[in-house]
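My structure is below; once you've seen it, I'll send some questions.
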Amino acid sequence: MKKLILLIIFMTPLIVNAGATTAAGTVTLSGNGGHSIVIVVLKGSGNTTCGDGLRYWFKPDTDFNRALLSMLLSAQLSGKRVYLTGAGTCLSQYPYNNALLLSNITLMND
């Protein structure tokens, strides 16, 4: 029984992130007031999932998303690398320009 519980605990993050795109690098933020979205450009990841480079988008309309914005601003100002997870498919229309929906961020200590 203990082995089954441990297996479930270790497999849950893999199941939740199935189909997600993850990458690490430094970030540059830009905004689009007309659409109330924030675009995150990830530099140094080497990931070309959505074409030429990796971009994420999100709306800072919930407490969780405002916390993401705060963490990203801190990372941009300090030049820290971040580990980002995106979901869904690349949106190509304006203002997304081949961006994935940002779903998670981890600040790296390197």
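The values are calculated or read from the model by the stated rules, or taken from the named source; none is laboratory data. Here the structure is a predicted model, which means the values were calculated and not measured. Counting neighbours? That spans all protein chains shown, and the Cβs are built from the backbone with ideal geometry, glycine included.
Of Ala67, Ala99, which residue is closer than 15 Å to Leu29 by Cβ, surrounded by 16 or more Cβ atoms within 10 Å (Cβ to Cβ) and either within 13 Å of the chain's Cα centre (by Cα) or not aromatic (Phe, Trp, Tyr) (or both)? Lay out the reasoning, then the answer.
Numbers: Ala67 fails: surrounded by 16 or more Cβ atoms within 10 Å (Cβ to Cβ).
Unique residue meeting the criteria: Ala99.
Sticking with this one: Tell me, which residue of the stretch 75-87 that is surrounded by 13 or more Cβ atoms within 10 Å (Cβ to Cβ) and more than 10 Å from the chain's Cα centre (by Cα) is nearest to Leu54 (Cα to Cα)?
Taking the stretch 75-87 and keeping what is surrounded by 13 or more Cβ atoms within 10 Å (Cβ to Cβ), we get 75-76, 80-87.
Filter once more, so that each one left must be more than 10 Å from the chain's Cα centre (by Cα): 75-76, 80-81.
Numbers: Ala75: 17, Gln76: 16, Lys80: 17, Arg81: 14 Å.
Once the filter is applied, the top-ranked residue is Arg81.
Sticking with this one: Of everything in the stretch 37-52 that's of a type outside the set (D, E, K, R) and more than 15 Å from Leu91 (Cβ to Cβ), which residue is modelled with the highest pLDDT?
This residue is Leu42.
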